[in-house]
Amino acid sequence: MTQYVILEGVIAFFLVAGGAFTFIGSLGMAHLRDFYMRLHGPTKATTLGIGSMLIASMLYFWVVDGKPDIQEMLITLFLFITAPVSAHLLAKTGLHLQLRHADKTLGMPVELRKEEVGEKPVPHPDKGHG
Amino acid sequence: MIASRTWLPTPLLSVLLLIVWLLLVRSLHPGHIVLGSALAIAIPLVTRRFWDVQPNVKRPWLLLRFGLRVLGDIITANMEVSWLILNPWRRMRPAFIEYPLMLESRFTITLLANTISLTPGTVSANLRMDGKSILIHALDVEDEEALIAQIRERYERPIKEIYEC
């Protein structure tokens, strides 16, 4: 019996942690200063948040059904594949649109300097698709 | 373009597809294994033209260790970013950083860019057209050089060891 109590505790912990991380990620999106900083919340905090919730789900159904079920791992896998790509594309779009960034930001990328934009792109030296 | 025109141009991808299929249908019924295998053969053949040349994994064990390290870093990254967001007295020092690349092939650069996006307070923002450097946006930077050195040591060097040399 005690093992169920412990498992309940573990599942509850993961659920609460997941919820908290997801919430913090969204909070970051709401109140950070500029576009590029806001991008950090959803890409990281949310990934771990959903990961924890899925672990909780896996544990729960393992205990209830009595057999391990790792289907939820697929969601984590897809999320880990897609999150960085979408973040990269969003950041790139932001740079392309020359969105303003917080004044204290260090470093000035070429993309945000007016005079450099519009330069002819240099193709990647890699042979690629030929 | 992948040169070989065999039935299994990317065996690893095929195995992965079969596993994903079996997980999706949640069954090990022979029928599903046959269907999954058919898909695992057909999908790489259809999408082959979209794939870059897959570099060979030279040292699978290092790849496993690298994966675990990244997983650990994702967890600490989340803690750090959450704390930065929550802490009301925070003094964030966001920065754009030019990261000079040591890697050369497209596949490994993609892997590195993804890793950077998933780990502590950094998002890869743009890959330069000449493939020589990545633009990174970092949430809180104390020392630019230290961050570059950290990425170089923790991620880029292992990736290079695994795939390129």
Q) Are any residues in the stretch A:45-72 under 25 Å from B:L16 (Cβ atoms) and within 16 Å of the chain's Cα centre (by Cα), and if so, which ones? A) A:T46, A:T47, A:L48, A:I50, A:G51, A:S52, A:M53, A:L54
Q | Scan of the stretch B:74-85 for residues that are open to solvent by 90 Å² or more (accessible area, probe 1.4 Å) and without any contact (Cβ under 8 Å) to a residue 40 or more places away in the chain, ordered by number | A | B:M79, B:W83
**Q.** Verdict on A:E115 being more than 9 Å from every other protein chain (Cβ to nearest Cβ) and either modelled with pLDDT under 75 or in contact with a strand residue (DSSP E or B) (Cβ under 9 Å, 6 or more places away or on another chain) (or both)
**A.** yes
Q. Which one of these is acidic (D, E) and closer than 22 Å to A:R38 by Cβ: B:E80, B:E145?
A. B:E80
Q. Are any residues in the stretch A:20-38 open to solvent by less than 50 Å² (accessible area, probe 1.4 Å), touching a helix residue (DSSP H, G or I) at 6+ places or on another chain (Cβ under 6 Å) and hydrophobic (A, V, I, L, M, F, W, C), and if so, which ones?
A. A:F21, A:I24, A:L32
Q.
Please verify whether B:I97 is farther than 16 Å from A:T46 by Cα and under 13 Å from the mean Cα position of the chain (by Cα), treating the condition exactly as stated.
A. no
Q) Which condition breaks for A:I70 when tested against (1) among the β-branched types (V, I, T); (2) within 11 Å of chain B (Cβ to nearest Cβ); (3) part of a helix (DSSP H, G or I)? A) (3)
Q: Report yes if some residue within the stretch B:14-21 is more than 23 Å from the chain's Cα centre (by Cα) and not assigned by TED's automatic domain parsing to the domain that holds B:R152; otherwise report no.
A: no
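The values are calculated or read from the model by the stated rules, or taken from the named source; none is laboratory data. Keep in mind it's a predicted model, so treat the numbers as computed, not measured. Ideal geometry is used to build each Cβ from the backbone, glycine not excepted, and the neighbour counts take in all protein chains shown. Keep in mind that these areas ignore ligands, DNA and RNA; they rest on the heavy atoms of the full protein, side chains included. Shrake-Rupley method; radii C 1.70, N 1.55, O 1.52, S 1.80 Å.
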